[in-house]
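Since the structure comes first, as structure tokens, the remarks are kept for the end.
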């Protein structure tokens with residue numbers, strides 16, 4: 001088997017990729033970069049060709065809806081000056097809409113066993129409890145930019161300083177920050193994460209090092225000019241019978257940020273080599289990590305024909321374009 | 001008011017009305033057709049649930065208190081000294 005799929009799938013048009021080489025991603029978000037760092041083959045399947053398991057990820061759907069709810073809430077409160085209760089009711093309305101299957105005219109459902117814990121009911125419960133808890137949030141949203149706007153829902157694009165050796169284009173990091181706020185004189189990017197695990201300092205420790213939070217810290221500093229030392233994480237523990245919340249700080253030092261940027265060059269070189277050669281090696285040490293790679297059965301196939309069959313039967317395709325809308329959670 | 005009127009038997013319409021606003025029904029209804037009253041009910045339900053869980057947690061703490069009633073079996077123990085191993089030497093009457 002060579003490094004490419006070697007089968008009859010067309011590349012889908014994607015604005016994040018170079019026009020000179022459709023296999024080379026120029027605009028990278030944390031999810032894209034993360035996938036490549038885990039395994040070039042995984043990245044090739046999920047980002048370059050846009051495959052994802054036909055059965056949606058309950059964790060992803062839940063996370064996106066929770067993020068969106070918190071964003072909406074603060075927009076209603078800060079931009080529209082809505083009272084807490086009114087804003088919360090509107091957020092619940094939008095959440096129920098976002099989790100309604102309009103094709104089948106029924107609520108969001110899934111066969112995933114995680115759906116027993118992360119479902120529509122526990123989502124709304126988590127949102128109501130979270131918003132009640134933080135309605136008088138001591139975090140004060142700061143203002144950024146020349147237009148002095150409130151720092152909520154901040155899309156960013158940030159040149160890395162590294163150029164493609166084959167196309168001459170500069171690699172760009174992109175994504176979107178939830179909020180930048182001030183707490184006890186310090187400024188932070190804020191983010192919301194949901195988990196089934198007990199919340200403790202060990203849970204927060206998993207974000208250091210972490211690709212996504214490092215990129216967010218760099219973006220806050222470089223794009224929005226906010227002198228921040230890291231991320232304020234609102235962790236939501238979601239279990240069947242209750243939801244619980246804990247706030248923690250994930251810090252980054254200058255040295256850590258500089259080192260990450262230095263290391264980025266290595267991965268971009270690898271990315272470019274894979275794209276130029278159309279050769280995407282497997283990292284077979286990562287197949288069992290993170291709950292198991294979603295493409296394990298593809299890589300386990302013994303021939304190109306069976307690989308194609310599995311991809312057509314068990315996966316669907318979408319365009320992962322971080323320049324288009326928020327994709328990373 | 002007669003005693004018969006104190007606890008009125010629910011009429012069919014009343015039952016239908018109550019069922020209409022059950023939580024399960026609210027969650028299974030097309031959200032485009034869900035009015036503010038229904039949304040308010042969902043929010044209130046979630047808040048009640050949290051408060052009831054908090055109350056239950058308090059009761060549980062009370063329940064695990066040691067039984068100190070006079071009928072509980074007792075063994076008279078006098079602590080005379082503690083060894084370096086951390087064991088407690090006891091002297092029985």
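Derivation of every value follows stated rules applied to the coordinates shown; laboratory data play no part. If you're wondering where the values come from, they're calculated on a predicted model, not measured in any experiment. When we count neighbours, we look across all protein chains shown, and the Cβ atoms used for this are built from the backbone with ideal geometry, even at glycine.
What the table below lists for this structure:
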quantity	calculated
Qualifying residue in region A:149-161 (condition: within 14 Å of another protein chain (Cβ to nearest Cβ) and surrounded by 19 or more Cβ atoms within 10 Å (Cβ to Cβ))	no
Of all residues making up region B:30-42, the number that are more than 9 Å from chain A (Cβ to nearest Cβ) and either on the phi > 0 side of the Ramachandran plot or outside any helix (DSSP H, G or I) (or both)	1
Scope region A:69-87; condition away from chain B (no Cβ under 14 Å) and either surrounded by fewer than 18 Cβ atoms within 10 Å (Cβ to Cβ) or not in a helix (DSSP H, G or I) (or both); matching residues	A:75, A:78, A:79, A:80, A:81
Residue, surrounded by the most Cβ atoms within 10 Å (Cβ to Cβ), within region A:104-121, restricted to residues that are within 10 Å of another protein chain (Cβ to nearest Cβ) and part of a helix (DSSP H, G or I)	A:120
Pick from region A:88-98, criterion buried (at least 19 other Cβ atoms within 10 Å of the Cβ) and touching a residue at least 24 places away in the same chain (Cβ under 8 Å), ranking: nearest to the other protein chains (Cβ to nearest Cβ)	A:96
Failed item, numbered, when residue A:124 is tested on (1) under 19 Å from residue A:75 (Cβ atoms); (2) free of Cβ contacts under 8 Å to residues at least 40 places away in the same chain; (3) part of a loop (DSSP other than H, G, I, E, B)	(3)
